1. Just the Cα atoms of the chain, one point each, no solvent: what log10 I(q)/I(0) does Debye give at q = 0.15, 0.16 Å⁻¹?
2. Where does the longest stretch of the chain lie that holds no GluC sites (Glu not before Pro) found in a DSSP loop with 16 or fewer other Cβ atoms within 10 Å?
3. Quick check: residue separation of Asn120 and Thr29 times 0.36 nm, minus the Cα distance between them. What number comes out in nm?
4. Remind me, relative contact order of region 2-218 in percent, using alpha carbon pairs under 8 angstrom and six or more residues apart?
5. Quote the relative contact order of region 1-86 in percent (integer), defining contacts as alpha-carbon pairs under 8 Å separated by 6+ residues.
6. Where nothing but the Cβ of Lys and Arg (+1) and of Asp and Glu (-1) is charged, how large is the charge dipole of region 2-218 around its Cα centre, in debye to the nearest 20?
7. Where does helix 2-24 land angle-wise versus the long Cα axis of the chain, in degrees 0 to 90, nearest 10?
8. Give, as ranges by residue number, the residues of region 51-66 whose backbone N falls under 20 Å from the point 7 Å along Cα→Cβ of Leu5.
Amino acid sequence: MKKYLAEMVGTMVLVLMGCGVAVSLQCGTDTASVVGTAMAFGLAVVAMAYTIGGISGCHINPAITLGCFLSKRISAKDCGMYMLFQVIGAFIGSAILFLLVGNVEGMEGTGANNLQDGVNTWGGLLAEIFFTCVFVLVVLGATAKTNGATNNFAGLAIGLSLVLVHLVCIRYTGTSVNPARSIAPAVFEGGDALLNLWIFIVGPFVGAILAAVIWKVIEPKEA
């Protein structure tokens, strides 16, 4: 149960800090807000990786959990329970943010993902698939026991890759690559965010499957 609770806490922190910065900076297309939001999500992952990584592996993302399951690193039971507690943690983080924003004049929203101006459904879906694939592939490679000493710096590599993914993908979807991170804020915001939520569930899961397949092909053999 401790590893499930760790996933809940980690996802709560990720959503609260990442989405919280996005709301505070009113993240749009201006450079400052995009960079600030990207850094917030990446730093949250780095912080949690070195906080709960030794307890649960610090997935804090159902797409990562799916990738690990398909790579035979966790059991089906842990896969389901991780995802459940990640979503619970995301709702806790979103609830805290919703409470804070509701008491500050001029601030609104909980950082829900949505299609950005000029981006159609297919464009958004493809962005989530491709960038989740890249992100989960980094996670699988950086944490692999067959990949030399890279796992000593996994937390840093994963956090920096999430910064990179956000810098590219915010213009398309606001960047999800994490179903839990998208589900909770969308429920609190409703409207188009809830209507388009399927994109931020299907896209990341498909991306995670692709990443697991790619890693299976290129994974080095154990010495």
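FYI, it's all coordinate maths here, none of it is from the lab. Computed from a predicted model, the values in this text were never measured in an experiment. Quick reminder, even Gly has a Cβ in these numbers, built from the backbone with ideal geometry, and neighbours come from all protein chains shown.
1. Log10 of I(q)/I(0), two decimals: -0.90, -1.03.
2. Details: sites that count: Glu105, Glu108, Glu222.
The reported range is 109-221.
3. Numbers: separation 91, 0.36 × 91 = 32.76 nm, distance 1.69 nm.
Full-extension gain reported as 31.1 nm.
4. Working: 376 pairs, mean separation 65.5, N = 217.
Answer for region 2-218 is 30 percent.
5. Working: 82 pairs, mean separation 34.4, N = 86.
Relative contact order of region 1-86: 40 percent.
6. Working: 9 positive and 9 negative charges, 207 e Å.
Roughly 1000 debye for region 2-218.
7. So the inclination is approximately 40 degrees.
8. Residues 51-61 fall inside that zone.
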